Number of protein chains: 2
Amino acid sequence: MTAARAGNGTGNRDVRGRGFPSRVALSAMEGWIDAAAVPLPPRAVALADLAPALAEGAVLAEPVTAPGDWPPADRAARDGVAVASSDTLGAGSYNPVPLPGAVPVAAGEPMPPGTDAVLPVECIQADGPFIEALGSAAPGEGVEGRGEGVRAGTVLLPAGHRLRPQDLGLFAALGIAALPIGARPRVRIVLAGGPRSGPETLGAMLSALVARDGGVVELVGPLPADRAGLAAAYAAPGADLLISAGRTGVGEDDVAPLALADAGELALHGVALRPGDSAALGMAGTVPALLLPGEPMACWTAYELLAGRAVRRLAGRDSALPHPAVVAVTARKLVSEIGCTELYRVRRTVEGMVEPAASPHKPGLAGAVQADGFVLIPAESEGVPVGATVTLRCFDGTSL
Amino acid sequence: MTAARAGNGTGNRDVRGRGFPSRVALSAMEGWIDAAAVPLPPRAVALADLAPALAEGAVLAEPVTAPGDWPPADRAARDGVAVASSDTLGAGSYNPVPLPGAVPVAAGEPMPPGTDAVLPVECIQADGPFIEALGSAAPGEGVEGRGEGVRAGTVLLPAGHRLRPQDLGLFAALGIAALPIGARPRVRIVLAGGPRSGPETLGAMLSALVARDGGVVELVGPLPADRAGLAAAYAAPGADLLISAGRTGVGEDDVAPLALADAGELALHGVALRPGDSAALGMAGTVPALLLPGEPMACWTAYELLAGRAVRRLAGRDSALPHPAVVAVTARKLVSEIGCTELYRVRRTVEGMVEPAASPHKPGLAGAVQADGFVLIPAESEGVPVGATVTLRCFDGTSL
């Protein structure tokens, strides 16, 4: 918690009715999160239970190494008859060659002793047990050799790899019965009440975001804007991470930061991020705590850039944004204030360029719902002109 | 079921020990699936239950239209004091102007009668109830006007849209309590036994694939390669779709197609697709049935191109492949047989080009596990040269 303590003093200040004297850089909050939120111990999951875990985005906690050769012995790669290839020399449809030693095999069966090739059914003629070759086979033809798919000891997948269906098929073939998978952090979401379309409407969205990033949600509230009540909800045991939404601004009832100070420590309050600038962080008892604004678009942005990072870290995942990133060219100028990271919701034009769907100043989620993704303008930039190359982070991975 | 019946006669043939006289085009099987697998009735899901549905890839069954304006009335867009803008004319830090009618407001609160702007806290000076303006406000400044986010009647999202977290936030703000979502088809997966790394190892992989495409899995087996036993498992009630893996080839114990004929109808058997050419389809009683090869890579391929299409259709989703598709350039030649759709597992090179990770002929999932995605060579093509533009379908959406 060194980073958390280092932040102390900048945060324990009441901004209500006064405004923020300054806002910390986004990178300072990221650094605090990376120090405070460390991966939880992985869980061992049986192969049969991994299929549902894939929907949760499960990642490998350790590299996977092949425990043995695959296939473990030479075997038929197709249905047919196993032969000694030398017995088929010169065989053809006008010169059938008897195969007294041929053995019918199905694809996947081990090769019988003394055989080194599989003739497909189209190349044989059978009359009961009497089999003739209508073509020749080279040594090894129709055979999958021991270790041809995987050699024992090969590192198949690295730690942090997000599991895919075919991975489970290979694990099963190799006899891998269970694997260490990133933890599912217990994330308490506290809705700190406000007017409608403020925090009390954010439960479903935040639950979906936390689930996407690997957390298990405990949803609390909406609670009234009461300092003692919020502090008690923040400090209650049973969570690995606290996320609170609402009551982070400069109004009289914006008591969430004060409640966090009461429940542990308010380390940083106010970030040079638009939307989302009233976000705060600190410790609720012994767990990291992120306070998100109650305005829905600011809440979404502060989740994606701050709280989600903490969830992903605890879950043993890559802390970077999970959205598919592609390079795109701007069809319109995107202006931004120097010193502030700004998030533009953008649409793709028919030409495949990006244009703003909503400015960073525009509240509400309608702009995010009608956008194809977003572009971040870093703090050190005053924006980008028309025709500039930017990184588009896509909301939907299937329509790039 | 017209298409299913039309296929009759081409399929009800025993290929065991003889080989396939011909194989149908992939497009013929796709056409059969599109006719036989029609979307199931949607389900109404409450907003609070939508967060877990997002992990399952839930899609809208109908377009969503805004039921009212958002915001429903003019409201404060920031914390501060609501004022009549005309009262602030000429105010500045050297010329404080008393504001007897000013009312403190929090962001999101409705504007009090007679006010049309919100001065931020940095622009006021308060001494108890006595408030002075230190700056002026234009009419509408700091105010979000009625309907500025969303106008009543606007179509927000189309049918078939895959829901994202921010969509739930907007629905909540608009007071949308429940939505019709694509059905979750009940998919029976029957493992038709075989040697290890044949069908009996495929349960976890197929379960993960079906779940990804929106189905609920019932896993049966592994069952022995017994025609009557398989036919009984295929025909049992309670499923919307049957997927069987294994025993589709030309070996003596490849009885799955015969069992399907017994359980209903074998419509098509054998497809010009590599890997996966022994796939079959038909009807198990009244439900569509897909028989996949037991060789794991052939099984995966036939699932993705055939069975998955049926699952997605029943679930009301886009029937196209769900993998993120990007344009890429070949670093190596990809050769393919005319008349056969071939699937190359490919890797991205450091230059961002694609090169084969495994040929369509190579069995086993190791090649798919170590690939970044796949490229399909259509039946009418004999392949593509070095430097050709192809569609790369990515296994992982986050590293494009």
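The values are calculated or read from the model by the stated rules, or taken from the named source; none is laboratory data. What you are looking at is a predicted structure, and each value in this text was computed from that prediction instead of being measured. Every residue, glycine among them, receives a Cβ derived from its backbone with ideal geometry; neighbour counts consider all protein chains shown.
Name the pairs: first residue in segment A:39-59 and facing chain B (nearest Cβ under 8 Å), second residue among the polar types (S, T, N, Q), Cβ to Cβ under 7 Å, at least 6 apart or on different chains?
A:Ala51/B:Ser207
Which ones in segment B:363-387 are free of Cβ contacts under 8 Å to residues at least 60 places away in the same chain and not in a strand (DSSP E or B)?
B:Ala366, B:Val369, B:Gln370, B:Ala371, B:Asp372, B:Pro378, B:Glu380, B:Ser381, B:Glu382, B:Pro385, B:Val386, B:Gly387
Here is a check on your reading of the model: is A:Ser278 crowded, with 24+ Cβ neighbours inside 10 Å, within 14 Å of chain B (Cβ to nearest Cβ) and touching an Asp or Glu at 6+ places or on another chain (Cβ under 9 Å)?
On the way: crowded, with 24+ Cβ neighbours inside 10 Å: yes; within 14 Å of chain B (Cβ to nearest Cβ): yes; touching an Asp or Glu at 6+ places or on another chain (Cβ under 9 Å): yes.
Spelling it out, A:Ser278 is indeed crowded, with 24+ Cβ neighbours inside 10 Å, within 14 Å of chain B (Cβ to nearest Cβ) and touching an Asp or Glu at 6+ places or on another chain (Cβ under 9 Å).
Being buried (at least 24 other Cβ atoms within 10 Å of the Cβ), closer than 17 Å to A:Pro165 by Cβ and in contact with a Leu (Cβ under 9 Å, 6 or more places away or on another chain) is true for just one of B:Ala315, B:Ala284. Which residue is that? Walk me through it before giving the result.
Values: B:Ala284 fails: closer than 17 Å to A:Pro165 by Cβ.
The unique qualifying residue is B:Ala315.
For segment A:73-83, which positions are within 23 Å of B:Arg16 (Cα to Cα), outside any strand (DSSP E or B) and in contact with an Asp or Glu (Cβ under 8 Å, 6 or more places away or on another chain)? I'd like the intermediate steps shown before the answer.
Start the filter on segment A:73-83 by keeping residues that are within 23 Å of B:Arg16 (Cα to Cα), which leaves A:75-83.
Then drop every residue that is not outside any strand (DSSP E or B), which leaves A:77-79.
A:Ala77, A:Asp79 - these are the residues of segment A:73-83 that are within 23 Å of B:Arg16 (Cα to Cα), outside any strand (DSSP E or B) and in contact with an Asp or Glu (Cβ under 8 Å, 6 or more places away or on another chain).
Which members of segment B:231-247 meet the condition of being within 14 Å of another protein chain (Cβ to nearest Cβ), within 28 Å of the chain's Cα centre (by Cα) and not hydrophobic (A, V, I, L, M, F, W, C)?
Once the filter is applied, which keeps residues that are within 14 Å of another protein chain (Cβ to nearest Cβ), within 28 Å of the chain's Cα centre (by Cα) and not hydrophobic (A, V, I, L, M, F, W, C), segment B:231-247 yields only B:Gly246.
Determine, yes or no, whether B:Ala106 is under 21 Å from A:Leu365 (Cα atoms) and not assigned by TED's automatic domain parsing to the domain that holds B:Gly57. Explain how you work it out, then say what you get.
Values: under 21 Å from A:Leu365 (Cα atoms): yes; not assigned by TED's automatic domain parsing to the domain that holds B:Gly57: yes.
Here the answer is yes, as B:Ala106 does meet what is asked.
Any idea which residue in segment A:312-328 is farthest from A:Ile377 (Cα to Cα), counting only those that are modelled with pLDDT of 95 or more and not in a loop (DSSP other than H, G, I, E, B)?
The residue in question is A:Leu314.
State all residues of segment B:188-215 that are more than 12 Å from chain A (Cβ to nearest Cβ) and over 30 Å from A:Asp74 (Cα atoms); if no residue qualifies, say none.
B:Arg188
Can you pull out the residues in segment A:218-245 that are within 17 Å of A:Arg317 (Cα to Cα) and either outside the structural domain of A:Leu305 (by TED's automatic domain parsing) or of a type outside the set (Asp, Glu) (or both)? Don't jump to the end; show me each part of the working.
Residues of segment A:218-245 that are within 17 Å of A:Arg317 (Cα to Cα), as a first pass: A:240-241.
Matches in segment A:218-245: A:Leu241 only.
What number of residues in segment A:129-144 are over 17 Å from B:Gly364 (Cα atoms) and either in a strand (DSSP E or B) or within 11 Å of another protein chain (Cβ to nearest Cβ) (or both)?
Residues in segment A:129-144 being over 17 Å from B:Gly364 (Cα atoms) and either in a strand (DSSP E or B) or within 11 Å of another protein chain (Cβ to nearest Cβ) (or both): 4 in total.
Only one of these is part of a loop (DSSP other than H, G, I, E, B), touching a residue at least 12 places away in the same chain (Cβ under 8 Å) and closer than 19 Å to A:Gln166 by Cβ: B:Pro356, B:Pro360. Name it. Give the derivation first.
Details: B:Pro356 fails: part of a loop (DSSP other than H, G, I, E, B).
It is B:Pro360.
Looking at (1) over 14 Å from B:Arg274 (Cβ atoms); (2) at pLDDT 95 or above; (3) not small (Gly, Ala, Ser), can you tell me which one B:Pro378 breaks?
The number of the failed condition is (1).
From A:Leu305, A:Leu343, which residue is surrounded by 24 or more Cβ atoms within 10 Å (Cβ to Cβ), closer than 30 Å to A:Asp240 by Cα and touching an Asp or Glu at 6+ places or on another chain (Cβ under 9 Å)? Outline the logic, then answer.
Working: A:Leu305 fails: surrounded by 24 or more Cβ atoms within 10 Å (Cβ to Cβ).
Step by step, each of A:Leu305, A:Leu343 is checked, and only A:Leu343 is surrounded by 24 or more Cβ atoms within 10 Å (Cβ to Cβ), closer than 30 Å to A:Asp240 by Cα and touching an Asp or Glu at 6+ places or on another chain (Cβ under 9 Å).
Looking at (1) in contact with an Asp or Glu (Cβ under 6 Å, 6 or more places away or on another chain); (2) over 22 Å from B:Asp213 (Cβ atoms); (3) away from chain A (no Cβ under 11 Å), find the lone condition where B:Gly147 falls short.
Status for B:Gly147: all satisfied but (3).
Test of understanding: among A:Val390, A:Val350, which residue is in a loop (DSSP other than H, G, I, E, B), β-branched (Val, Ile, Thr) and either more than 21 Å from A:Gly276 (Cα to Cα) or in the same structural domain as A:Ala37 (by TED's automatic domain parsing) (or both)?
On the way: A:Val390 fails: in a loop (DSSP other than H, G, I, E, B).
Result of the check over A:Val390, A:Val350: A:Val350.
Could you check segment B:216-230 and list, in sequence order, the residues that are facing chain A (nearest Cβ under 9 Å) and in contact with a Leu (Cβ under 7 Å, 6 or more places away or on another chain)?
Of everything in segment B:216-230, nothing turns out to be facing chain A (nearest Cβ under 9 Å) and in contact with a Leu (Cβ under 7 Å, 6 or more places away or on another chain).
Here are some residues: B:Ala117, B:Ala102. Which one is buried (at least 22 other Cβ atoms within 10 Å of the Cβ), more than 24 Å from B:Gly68 (Cβ to Cβ), modelled with pLDDT under 90 and among the small types (Gly, Ala, Ser)?
Values: B:Ala117 fails: modelled with pLDDT under 90.
Going through B:Ala117, B:Ala102 in turn, the sole match is B:Ala102.
Any residue that is assigned to a loop (DSSP other than H, G, I, E, B) and free of Cβ contacts under 8 Å to residues at least 12 places away in the same chain - is there at least one of those in segment B:117-128? Talk me through it step by step, then tell me what you get.
The first filter runs over segment B:117-128 and keeps only residues assigned to a loop (DSSP other than H, G, I, E, B), leaving B:128.
Checking the rest, the ones that are also free of Cβ contacts under 8 Å to residues at least 12 places away in the same chain come to B:128.
Taking every residue of segment B:117-128 in turn, at least one turns out to be assigned to a loop (DSSP other than H, G, I, E, B) and free of Cβ contacts under 8 Å to residues at least 12 places away in the same chain.
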